[in-house]
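Below is the structure I would like to discuss, written out as structure tokens.
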Amino acid sequence: QVQLVESGGGLVQAGGSLRLSCAASGRTFTSHTMGWFRQAPGKEREFVATTRWSRASVYIADYADSVKGRFTISRDNAKNAVYLQMNNLKPEDTAVYYCASKSPTYSSGSYSLTLPQAYEYWGQGTQVTVSS
């Protein structure tokens, strides 16, 4: 059974930093695409960042424009973990942050990796609150 568990959320002042962690279990995630999404109250779940294995045999990271230059996604395959380092946080970053994954054999159909529908597994989320 695949399980994703997020941690590291909390309350931080604007300009501060947090590091989110996602512990994955149930299978080996080396070749999985791993992503971070967030959902603010009253809003749809939105893409934050993703890391995927490429044909060039390297991991490629992609970011939403709103977090580019401030957030960094990374992974430790030995620990089956993915991280989101968030710097220079802003009040508009306040949301529940979710970890997601998809295996190479999972069909995302025509959904881009920036859409929640492309992902196979989800964590329960961790709250990030940024005060002004």
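Picking from Ser101, Ser57, Ser112, which is most flexible by a Gaussian network model of the chain using Cα springs under 10 Å?
Of Ser101, Ser57, Ser112, the most mobile in the Gaussian network model is Ser57.
Could I ask something else about it? Share of antiparallel DSSP beta bridges in the chain, in percent to the nearest 5?
90
Work out, in µm²/s and without decimals, the Stokes-Einstein translational diffusion coefficient of region 1-44 at 25 °C, 0.890 mPa s, Rh from Kirkwood over C-alpha pairs.
189
Alpha carbon centre of region 23-55 versus region 68-132: separation in Å?
What the calculation gives is 4 Å, centre to centre.
Step through the residues of region 49-56 one at a time and calculate ³J(HN,Hα) from phi using the Karplus curve (6.51 cos²θ - 1.76 cosθ + 1.60, θ = phi - 60°), rounding each to whole Hz and writing x for Gly and Pro.
Going residue by residue, I get 7, 8, 10, 9, 7, 9, 5, 7 Hz, with x marking Gly and Pro.
Taking just the alpha-carbon atoms of region 1-76, what radius of gyration and Dmax come out, in angstrom?
Every Cα atom of region 1-76 included, Rg and Dmax give 13.8, 40 Å.
Got a sec? What order do Lys68, Lys102, Lys90, Lys79 fall in by accessible area at 1.4 Å, biggest, i.e. largest, first?
Lys79, Lys68, Lys90, Lys102
Hey, another quick one. Sorted from largest down, give the three principal axis spans of the alpha carbons of region 71-132, whole angstrom values.
Its Cα atoms span 43, 29, 19 Å along the three principal axes.
The values are calculated or read from the model by the stated rules, or taken from the named source; none is laboratory data. A quick note: this is a predicted structure, and the numbers were derived from the prediction, not measured. These area figures cover heavy atoms from the full protein model, side chains too; ligands, DNA and RNA do not enter into them. Shrake-Rupley method; radii C 1.70, N 1.55, O 1.52, S 1.80 Å.
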